[in-house]
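One structure is given below, encoded as structure tokens.
Each value in this text was obtained by applying a stated rule to the coordinates, not by laboratory testing. Just so you know, these numbers come straight off a predicted model, no measurement behind them. Using ideal geometry, Cβ is built from the backbone for each residue, glycine included, and neighbour counts are taken over all protein chains shown.
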Amino acid sequence: MPRPAQTARSERTREALRQAALVRFMAQGVEETSAEQIAADAGVSLRTFYRHFDSKHDLHFVGYDAGLQWFRTALLARPADEPVMDSVQAAIHAFPFDDAAVRKIAELRTAEVDPNRIIRHIRQVEAEFAEAVEARLTRTHAATFEQVADARLHISVAARCIAAAVFGAMEVWMLQSGPGAPSLDELSRMCQTAVTSLETGILAPLVLS
């Protein structure tokens, strides 16, 4: 079903504001950037800016939010019969982000945003990431729901474990900054290593012998 025009327009406006903020933040820092500048660069009014974001600081998290939306879309596009770990890896690797830009905005966020706020947002994104994985697992194992005891519980736990593993790998990757810092390909490898360590145990109850 096509999205309502208003919804699609709102998404385009939010994306324009995200991109404008990212460019400004990387060029001149967060404190030197104003909401007025971001709105002007995005071609909208300041009033429109505040309809979408409470403050410029909310845009510190554009990478998380955009990445999560991309992940959901990429995960949904994977074949239904593909092993979930392969689907998660493929979706992560599909992120169209420049690793230098991702790391730069993360460094700005760490330097200028209250750590507690960062932690809260990361936990929220991790929970939403888990929901996306849970939806994928539900689709994969729908045929066995009636045959596996506590299928919903196993799926919920598996999704949360996968999300925790992926975000643990991301945290380690982000800490390795400076010259010779690992690329997004290395992040993909680290995520694969993290989720592979979980695979046999957490998914075993869902596989009928």
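Can you sort GLU131, GLU171 so the residue with the fewest Cβ neighbours within 10 Å comes first?
Placing the least packed residue first, the sequence is GLU171, GLU131.
The three principal axes of the Cα atoms in the stretch 5-54 give end-to-end lengths of 34, 17, 17 Å, sorted in falling order. Once the Cα-Cα distance is subtracted from the 0.36 nm per residue extended length, the PHE145 to GLU186 segment shows a gain of 11.2 nm.
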